[in-house]
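Visitor: Pasting a structure here, questions to come.
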Ligand code: HEC
């Protein structure tokens, strides 16, 4: 789970605790036997078929199955919620300059589809993505900036870049963000040079 979309996960976790708590079984006598106890019960059934034993076994199985399926659904929806929030954060905080597909504005805002693979392949580039003013000075807290950058990389760059990319964590973003980048263009040019074809640099 990405540490980033923490609030969403917390909500989901609180929800899960409420709804799933019966799945821990301790307070439900009918289904407290669990799988270990159910195994000997099954062999007992063979010798001495008893409807009530059978029912208990079925209930145990049913409850476990339902809880398992429910847990699976919850995990999926928490992941979808993380994705939706990162997308929304991009739209609210970044898209005004970077436009919906990350192509930016020629001569003003670099085309992230082209520059991120380059930046992520050079030393210092990973920190630069966090330290550029658009990222560092945004009002997003560290966990959500991490999630937004992860979303950007996964949605705007190529398969090779995504495959080599490890998600930013909240702690990593916190550390990188604390380093102030005074010379954005100088740093950027030192990292990937002046890229005419990616709308980059300050000279245009
Ligand atoms: C006011 C316009 C603006 C906003 C809003 C903005 N950016 Fe940027 N971004 C830029 C510009 C311009 C650059 C080029 C470097 C520079 O001048 O800061 C850039 C560069 C970047 C880069 C590095 C790519 C490169 O080629 O230099 C990343 C990553 C980035 N921004 C992420 C973000 C994120 C994440 C947000 C939202 C939280 C965001 N930006 C919001 C204008 C903006």
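Visitor: Does region 112-198 come out rounded, prolate or oblate, given a ≥ b ≥ c as the square roots of the eigenvalues of its C-alpha gyration tensor, rounded meaning a/c under 1.5 and, failing that, prolate meaning a/b above b/c?
Guide: Judged from the Cα gyration tensor, region 112-198 comes out oblate (a/c at least 1.5, b/c at or above a/b).
Visitor: Arranged from highest to lowest average of other beta-carbon atoms within 10 Å per residue, in what order do the peptides 139-151, 90-102 appear?
Guide: 139-151, 90-102
Visitor: Contour minus end-to-end for residue 171 and residue 189, with contour as 0.36 nm per residue of separation and end-to-end as the Cα-Cα distance?
Guide: 3.8 nm
Visitor: Can I ask one more? Could you check the spin-label model distance between residue 87 and residue 101? Points 7 Å from the Cα along Cα→Cβ, value in nm.
Guide: 1.7 nm
Every read-out reported here was derived from the displayed coordinates using simple, explicitly stated rules and does not represent laboratory data. Computed from a prediction, not measured in an experiment: that's the story for all the values here. Here the Cβ is made from the backbone with ideal geometry for all residues, glycine too, and neighbour counts use every protein chain on show.
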